[in-house]
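Trainee: Dropping a structure here in structure tokens format, bear with me for questions.
Each reported figure results from applying straightforward, stated rules to the coordinates on display, with no laboratory input. The model shown is predicted, which means the values in this text are computed figures rather than measured ones. For neighbour counting, all protein chains shown are included, and Cβ atoms are generated from backbone atoms with ideal geometry for every residue, glycine included.
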């Protein structure tokens, strides 16, 4: 099971449990929260086979495994997909790096006092600072109109169990005996969500693996967390190095539209905006 502090791109087939970070922050300008100073940082070209790639949030900083610069920028700027990174040489999307950045013990102690959202913003700012320093990255942001979907509640109302009052014996529990919250397990042909809010759900639906091809905006008005089974699963195929990458679902696969209807939810077409981060200047990273 992956907790919300993990940002993974290609783990859908490698593990049974997963959660999705909120990645629609690109609907607003990149944050300006002051990042903790980087005490120690290393950037190395990735060597060996690709088995797992992604950004790991650590108590005292960040670590990336086999990430391209475009992938790191997707995380750093809170983008929905790599397609929102524009420009730059080809190596930005092909060369892979292992990175680690740590803050000082003093900053780490203060960092642990923040809530999860503030931590996420500080880490993103920290990563942007690292990319600007070591890759000499310079960017600007443009906004374009795009087709979107709005997630709304159907006339019959939501058909999900309120996690705050659900006492089902089937709930998975943590070591302290309390139900695990904020997780979604990938179980072959369906997804089992526990203590799941609408924000992470629309983030998951906004990813290329959903097959929707559009950002999804939460218009449900639901502010709680819910337990539910989504009778749908994204399609995947083997990619470079054996990584699992998104693919079109099979013809007989359940429709995401139908699956959401069973939860009392509906996707309706809309229009909105999406931000594009344009690379003005970039260089291969300086030596450690």
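Trainee: Given 0.36 nm per residue, what is the gain on full extension from residue 63 to residue 180 after removing their alpha carbon distance, in nm?
Mentor: Roughly 39.6 nm would be gained on extension.
Trainee: Could the peptides 122-129, 170-177, 259-266 be put in order, highest first, of the mean number of other beta-carbon atoms found within 10 Å of their residues?
Mentor: Packing order, densest peptide first, comes out as 122-129, 259-266, 170-177.
Trainee: Which of the peptides 195-201, 178-184 is most tightly packed, and how do the rest follow, judged by the mean count of other Cβ atoms within 10 Å per residue?
Mentor: Put in order of decreasing packing, that is 195-201, 178-184.
Trainee: Expected output is a single nm value to one decimal: the length gained when fully extending between residue 287 and residue 109, i.e. 0.36 nm times separation in residues minus the C-alpha distance. What is it?
Mentor: 61.2 nm
Trainee: Between residue 47 and residue 278, what FRET efficiency follows from the Cβ-Cβ distance if R0 is 30 Å, with the result rounded to 0.05?
Mentor: The formula returns an efficiency of 0.45 here.
Trainee: Something else about it: Sort the following peptides by mean Cβ neighbour count (other Cβ atoms within 10 Å, averaged over residues), highest first: 94-104, 134-144, 63-73.
Mentor: Peptide ranking by packing, descending: 63-73, 94-104, 134-144.
Trainee: To continue, here is another question. Between residue 262 and residue 116, how high is the FRET efficiency from 1/(1 + (r/R0)^6) when r is the Cβ-Cβ distance and R₀ = 41 Å? Nearest 0.05.
Mentor: Efficiency for this residue pair is about 0.85.
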